[in-house]
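One structure is given here, and the rest of the page talks about it.
The values are calculated or read from the model by the stated rules, or taken from the named source; none is laboratory data. Given the structure is predicted, the values throughout are model-derived calculations rather than measurements. Glycine also receives a Cβ, built like all others from the backbone with ideal geometry; neighbour counts cover every protein chain displayed.
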Amino acid sequence: MERRPLGRSGIEVSSLGLGTMTWTTDEAGLEDAAAQLQTFVEAGGTLVDTADVFGQGTAEAAIGQLIGKVVARSEIQIATKAGVRTDGSERKRDTSRGWLVRSLEHSLRRLGTDYIDLWLLHVHDPDTPLEETMGALDAAVTSGKVRYVGVSNHTGWQTARACAWQHAWPGRTPVVASEVEYSLLQRGIEREVLPACLAMELGVLAWSPLGRGVLTGKYRYGRPSDSRAASAQWARFAQTYLDERSAGIVEAVATAADGLGVSPLEVALAWVRDQPGVAGAIVGARNATQLRASLAAEQLFLPPEIRLALDDVSAPQVGYPESY
């Protein structure tokens, strides 16, 4: 698998990352997770993406249980996130020094490691001064517990402000990555976030590059009983893109896939992976078989005419001042 620099930094990550949002530590879940991790590493993958809130910490704990059993710690790069509270507090976003320090210690314990390769602010917190938040990231790197830092789900101005703050004084830890939702069904980052990342030389990590599963084509003729859209837990997650506009884009992807003799999944994933600024696309799966289907996209490079056609059919609405 291709390795790419993560923005303007010394770390290189695999062009496809392994998402763990649905990983658990129960027996069946851990068995699937182990098979996925082994399949991913054998294919040359290195970046494993998680968050402290995934499964209330069970995703991080699952990774921790598999390190040393399925893969060596040195074989993977762990990216995790902090800044969202799930402890019953009325404050849902919290990037205060106290909360971040607490979150980091808990993540390290669950992951069973003494360092995190990439630590990301999961959300923007308007109630904490930027200097306090970024100071906590500096301290985490200085302590050796974190190697690199980034942001996630931040707007263009929030991203640029965080980067500029860190660049304003020598010795501050640079922001090297932005993890955001990006797919043929969600191209909103192209208005301001992606230009900010390109200007600041951040590596973009695209989460849900398959449009929350919709771009696989599984919903073209209904909602399979084993799909997320039919699940009480995940229905709202997929519902976002089960509309008329998305259906048209899915048909265009399916047409391109038929012409190339590949699956719609491979076309959609290859499109995101090779967009300007993208360092890696994060793919999730229920099992190793599903994951192998995503990994097959690594062999596909879209012809320019197909890429342009997909660009056209999925183009986001852009107006003033972006197009001024």
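Working carefully through the options Asp125, Asp117, find the one that is in a strand (DSSP E or B), among the acidic types (Asp, Glu) and either over 28 Å from Pro195 (Cα atoms) or modelled with pLDDT of 95 or more (or both).
Asp117
For a quick check of your reading of the model, give me the residue pairs whose first member lies in region 229-245 and is of a type in the set (Gly, Ala, Ser) and modelled with pLDDT of 70 or more, whose second is assigned to a helix (DSSP H, G or I) and surrounded by 11 or more Cβ atoms within 10 Å (Cβ to Cβ), with beta-carbon atoms closer than 8 Å and at least 6 apart or on different chains.
Ala238/Val214; Ala238/Arg228; Ala238/Ala229
May I ask you to say which residue of Glu12, Glu60, Glu42 is touching a helix residue (DSSP H, G or I) at 6+ places or on another chain (Cβ under 6 Å) and farther than 20 Å from Leu265 by Cα?
Of the residues listed, the single one that is touching a helix residue (DSSP H, G or I) at 6+ places or on another chain (Cβ under 6 Å) and farther than 20 Å from Leu265 by Cα is Glu60.
Condition (residue is at pLDDT 95 or above, under 18 Å from Trp119 (Cβ atoms) and not β-branched (Val, Ile, Thr)) applied to region 29-50: is it met by at least one residue?
Yes, because at least one residue in region 29-50 is at pLDDT 95 or above, under 18 Å from Trp119 (Cβ atoms) and not β-branched (Val, Ile, Thr).
Given the criterion surrounded by fewer than 18 Cβ atoms within 10 Å (Cβ to Cβ), without any contact (Cβ under 8 Å) to a residue 60 or more places away in the chain and of a type in the set (A, V, I, L, M), identify the matching residue among Leu308, Leu265, Leu302, Leu215.
Going through Leu308, Leu265, Leu302, Leu215 in turn, the sole match is Leu308.
Looking at (1) part of a helix (DSSP H, G or I); (2) in contact with a strand residue (DSSP E or B) (Cβ under 9 Å, 6 or more places away or on another chain); (3) surrounded by fewer than 21 Cβ atoms within 10 Å (Cβ to Cβ), which is the one condition that is false for Pro316?
The failed condition is (1).
Please enumerate the residues belonging to region 1-35 that are part of a loop (DSSP other than H, G, I, E, B) and small (Gly, Ala, Ser).
Hits for region 1-35 are Gly7, Ser9, Gly10, Ser15.
Looking at (1) closer than 23 Å to Ser103 by Cα; (2) surrounded by fewer than 19 Cβ atoms within 10 Å (Cβ to Cβ); (3) more than 19 Å from the chain's Cα centre (by Cα), find the lone condition where Leu66 falls short.
Among (1) closer than 23 Å to Ser103 by Cα; (2) surrounded by fewer than 19 Cβ atoms within 10 Å (Cβ to Cβ); (3) more than 19 Å from the chain's Cα centre (by Cα), the lone unmet condition for Leu66 is (2).
If I ask for residues that are out of contact with any Leu (no Cβ under 8 Å at 6 or more places or on another chain), polar (S, T, N, Q) and not in a loop (DSSP other than H, G, I, E, B), which ones from region 146-165 would you list?
Gln158
Whether any residue in region 69-87 is over 19 Å from the mean Cα position of the chain (by Cα) and either among the polar types (S, T, N, Q) or buried (at least 24 other Cβ atoms within 10 Å of the Cβ) (or both) is what I want to check.
Yes.
So which residues in region 164-212 are at negative phi, surrounded by fewer than 20 Cβ atoms within 10 Å (Cβ to Cβ) and of a type in the set (Gly, Ala, Ser)?
Within region 164-212, Ala164, Ala168, Gly188, Ala199 meet the criteria.
Can you list the helices (runs of 4 or more DSSP H) found entirely within region 234-280 that contain at least 2 residues being under 19 Å from the mean Cα position of the chain (by Cα)?
Counting at least 2 such residues, we get 235-239, 264-273.
Restricting attention to region 20-50, and to residues there that are surrounded by fewer than 24 Cβ atoms within 10 Å (Cβ to Cβ) and small (Gly, Ala, Ser), which single residue is farthest from Arg273 (Cα to Cα)?
Ala28
What pairs can you find where one residue is in region 96-107 and over 18 Å from Gly64 (Cβ atoms), the other is among the hydroxyl-bearing types (Ser, Thr, Tyr) and at pLDDT 95 or above, and their Cβ atoms are less than 8 Å apart, with a gap of 6+ or different chains?
Listed by first residue and then by second, the contacts come to Ser96/Thr128; Ser96/Thr133; Arg97/Thr133; Leu100/Thr133.
If Leu210 satisfies every condition in (1) assigned to a loop (DSSP other than H, G, I, E, B); (2) hydrophobic (A, V, I, L, M, F, W, C); (3) more than 16 Å from Val278 (Cβ to Cβ) but one, which is the exception?
In the conditions (1) assigned to a loop (DSSP other than H, G, I, E, B); (2) hydrophobic (A, V, I, L, M, F, W, C); (3) more than 16 Å from Val278 (Cβ to Cβ), Leu210 misses (3) alone.
Only one of (1) out of contact with any strand residue (DSSP E or B) (no Cβ under 6 Å at 6 or more places or on another chain); (2) more than 22 Å from Ala196 (Cα to Cα) is not met by Trp157, so which one is it?
If we test Trp157 against (1) out of contact with any strand residue (DSSP E or B) (no Cβ under 6 Å at 6 or more places or on another chain); (2) more than 22 Å from Ala196 (Cα to Cα), just (2) comes out false.
Consider only pairs whose beta carbons are under 6 Å apart and that are at least six residues apart or on different chains; among these, list those whose first residue lies in region 47-71 and is under 10 Å from Leu111 (Cβ atoms) and outside any helix (DSSP H, G or I) and whose second residue is among the acidic types (Asp, Glu) and at pLDDT 95 or above.
Close Cβ pairs satisfying both conditions: Thr50/Glu60.
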